[in-house]
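So the structure is just underneath, and the comments pick up after that.
The values are calculated or read from the model by the stated rules, or taken from the named source; none is laboratory data. Just so it is clear, the model here is predicted, and its values are computed rather than measured. Quick reminder, even Gly has a Cβ in these numbers, built from the backbone with ideal geometry, and neighbours come from all protein chains shown.
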Amino acid sequence: MGFFDKIFGKQQAPATPQPEHAIVIHLNSEILDESVYRNCDTVTLDGLLTKALGAHGVVSSTESRATETVLFLYGADSEKMFSLISPVLNSYPLCKSAKVILRAGSSGSPEREITV
């Protein structure tokens, strides 16, 4: 053990980073009944998704576009995350006809698309 290791403690090698899987949810902002847009919102949806994910992922951000709103979720396993959030996607009215993209890894990794 070297001098600095005695003073500062032995440094461990950094942990190997887990692949960053993603789920991207595209909510259509035009085709649903007007009452859905009046009675539902992305803040509530964010909370429901966050609760469903628990420690398995995070809702990172929401982006409003001209004809859609996009939510970005990240975690270690997109398939596991999708299994956890599926009940929310299938029951929350704002998610009707949503396009969900599951990406198994960093940008450029294989993707799977699902329509709710």
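Can you tell which of 33, 46 is surrounded by 12 or more Cβ atoms within 10 Å (Cβ to Cβ) and at pLDDT 95 or above?
Result: 46 is the single residue among 33, 46 that is surrounded by 12 or more Cβ atoms within 10 Å (Cβ to Cβ) and at pLDDT 95 or above.
Just one of (1) more than 12 Å from residue 92 (Cβ to Cβ); (2) modelled with pLDDT of 95 or more trips up residue 19, so point out which.
That leaves (2) as the condition not met.
Kindly check whether there is at least one residue in the range 33-48 that is polar (S, T, N, Q), assigned to a helix (DSSP H, G or I) and in contact with a Leu (Cβ under 6 Å, 6 or more places away or on another chain). Full working, then the answer.
Initially, the range 33-48 is screened for residues polar (S, T, N, Q), giving 35, 39, 42, 44.
Narrowing the set further to residues that are assigned to a helix (DSSP H, G or I) leaves 35, 39, 42, 44.
Going one step further and asking which of them are in contact with a Leu (Cβ under 6 Å, 6 or more places away or on another chain), we end up with none.
No.
When the range 16-61 is examined, which residues are found to be acidic (Asp, Glu) and touching a residue at least 40 places away in the same chain (Cβ under 8 Å)? Break it down stepwise before answering.
Residues of the range 16-61 acidic (Asp, Glu): 20, 30, 33-34, 41, 46.
Hits for the range 16-61 are 20, 41.
Give the range 50-101 a look and list any residue that's within 16 Å of residue 115 (Cβ to Cβ) and among the acidic types (Asp, Glu), or say none.
The answer is 68, and nothing else.
Please list, ordered by first then second residue, the pairs with beta carbon atoms under 6 Å, 6 or more apart or interchain, first in the range 91-116 and more than 18 Å from residue 62 (Cα to Cα), second among the basic types (Lys, Arg).
Short answer, once both residue conditions are applied: 109/103; 111/103; 115/99.
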